[in-house]
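**Q** Before I ask anything, here is the structure I am working with.
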Amino acid sequence: MFETICNLILPIIVLFVLLYGLIKKRNVYDDFIEGAKQSFDIVLSMFPCMLAMIFAINIILDSSFLNFFLQFLKPVLNILKVPFDVLPMAIMRPISGSSALAILNNILSVHGPDSLIGRMASVIQGSTDTTLYVLTLYFGSVGIKKIRYSLFVGLIADVIGIVTAIIFVNLLF
């Protein structure tokens, strides 16, 4: 039953848009083509931002800088009772959602979803956002150059999400 409803949602939405366009006496096909043309321009304007972001992520992941930085923080993490395996995901989450998801997948396959580390990584994944990706992609595509305050607020929100996740998972589990 639920699968049938899920399979029908998209066709129902398309049918609703077509009927609404007919009621408003709009040429739905021409409006669709015009929207597709505009989306092509948006994709072209976003491509350089996406390329720069992918390039930066690959440099960070392929270099040994991240591993060196994490080894430096290991003694502090032991004192704070933060699992070391969670830190790479917490660092990568504001930069790249797909990299953080790959790290989360590795954590869950190694430690299991019901482990402290698995739960903590899952809560961090759900309570943070890909701040740098969002700022690069969306602000870059519309030409906004001054992102200082947005970057600051986004990264502070990520840090609050990470710290809160660590505290509450340690308290509850």
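The values are calculated or read from the model by the stated rules, or taken from the named source; none is laboratory data. Keep in mind that what you see is a predicted model, and the values were worked out from it rather than measured. All Cβ positions, even for glycine, are placed from backbone atoms using ideal geometry, and neighbour counts span all protein chains on display. With ligands, DNA and RNA removed, areas are computed over all heavy atoms of the protein, side chains included. Shrake-Rupley method; radii C 1.70, N 1.55, O 1.52, S 1.80 Å.
**Q** Name the pairs whose Cβ atoms lie under 8 Å apart, with the first residue in region 160-171 and more than 10 Å from Ser127 (Cβ to Cβ), the second open to solvent by 50 Å² or more (accessible area, probe 1.4 Å), and 6 or more positions between them or separate chains?
**A** Ile166/Leu80; Val169/Leu116; Val169/Arg119; Val169/Val123; Asn170/Lys81; Asn170/Leu116
**Q** Sort out which residues of region 118-157 are of a type outside the set (A, V, I, L, M, F, W, C) and either closer than 10 Å to Ala90 by Cα or in contact with an Asp or Glu (Cβ under 6 Å, 6 or more places away or on another chain) (or both), and write them in order of number.
**A** Restricting attention to region 118-157, the residues satisfying the condition of being of a type outside the set (A, V, I, L, M, F, W, C) are 118-119, 122, 125-131, 133, 136, 138, 140-141, 143, 145-146, 148-150, 154.
Within region 118-157, Gln125, Thr128, Thr131 meet the criteria.
**Q** Quick check on my filter: what residues within region 13-29 are in a helix (DSSP H, G or I) and over 29 Å from the mean Cα position of the chain (by Cα)? Can you show your working first?
**A** Just the residues of region 13-29 that are in a helix (DSSP H, G or I), to begin with: 13-23, 28-29.
Scanning region 13-29 gives Leu15, Phe16, Val17, Leu18, Leu19, Tyr20, Gly21, Leu22, Ile23, Val28, Tyr29.
**Q** Out of curiosity, is Lys74 open to solvent by less than 80 Å² (accessible area, probe 1.4 Å) and without any contact (Cβ under 8 Å) to a residue 24 or more places away in the chain? Lay out the reasoning, then the answer.
**A** Numbers: open to solvent by less than 80 Å² (accessible area, probe 1.4 Å): yes; without any contact (Cβ under 8 Å) to a residue 24 or more places away in the chain: yes.
The answer is yes for Lys74.
**Q** With the requirement that a residue be open to solvent by 50 Å² or more (accessible area, probe 1.4 Å) and within 18 Å of Pro88 (Cα to Cα), what does region 158-169 give you? So that I can check it myself, show each step before the final result.
**A** Residues of region 158-169 that are open to solvent by 50 Å² or more (accessible area, probe 1.4 Å), as a first pass: 159-160, 163-164, 167-168.
Selection gives Val159, Ile160, Val163, Thr164, Ile167.
**Q** Another question, if that's okay. For region 118-139, what are the residues that are open to solvent by less than 30 Å² (accessible area, probe 1.4 Å), more than 15 Å from the chain's Cα centre (by Cα) and in contact (Cβ under 8 Å) with a residue 12 or more places away in the chain?
**A** Selection gives Met120 alone.
**Q** Hey, could you check region 35-60 for residues that are surrounded by 11 or more Cβ atoms within 10 Å (Cβ to Cβ) and either modelled with pLDDT of 85 or more or polar (S, T, N, Q) (or both) and say which is farthest from Ser98 (Cα to Cα)?
**A** Ser45
**Q** Right, next: Residues being open to solvent by 30 Å² or more (accessible area, probe 1.4 Å) and either in contact with a Phe, Trp or Tyr (Cβ under 7 Å, 6 or more places away or on another chain) or more than 16 Å from Ala165 (Cα to Cα) (or both): count how many of those fall in region 101-117.
**A** Of the residues in region 101-117, 10 are open to solvent by 30 Å² or more (accessible area, probe 1.4 Å) and either in contact with a Phe, Trp or Tyr (Cβ under 7 Å, 6 or more places away or on another chain) or more than 16 Å from Ala165 (Cα to Cα) (or both).
**Q** Continuing with the same structure: Quick one: count up the residues across region 77-100 that are more than 21 Å from Phe168 (Cβ to Cβ) and open to solvent by 60 Å² or more (accessible area, probe 1.4 Å).
**A** Result for region 77-100: 1.
**Q** Would you check which residues across region 83-100 are of a type outside the set (Gly, Ala, Ser) and over 16 Å from Asn58 (Cβ atoms) and list them? It would help to see each step written out before you state the result.
**A** Quick first cut of region 83-100, residues of a type outside the set (Gly, Ala, Ser) only: 83-89, 91-95.
Passing the criteria: Pro83, Phe84, Asp85, Val86, Leu87, Met89, Arg93, Pro94.
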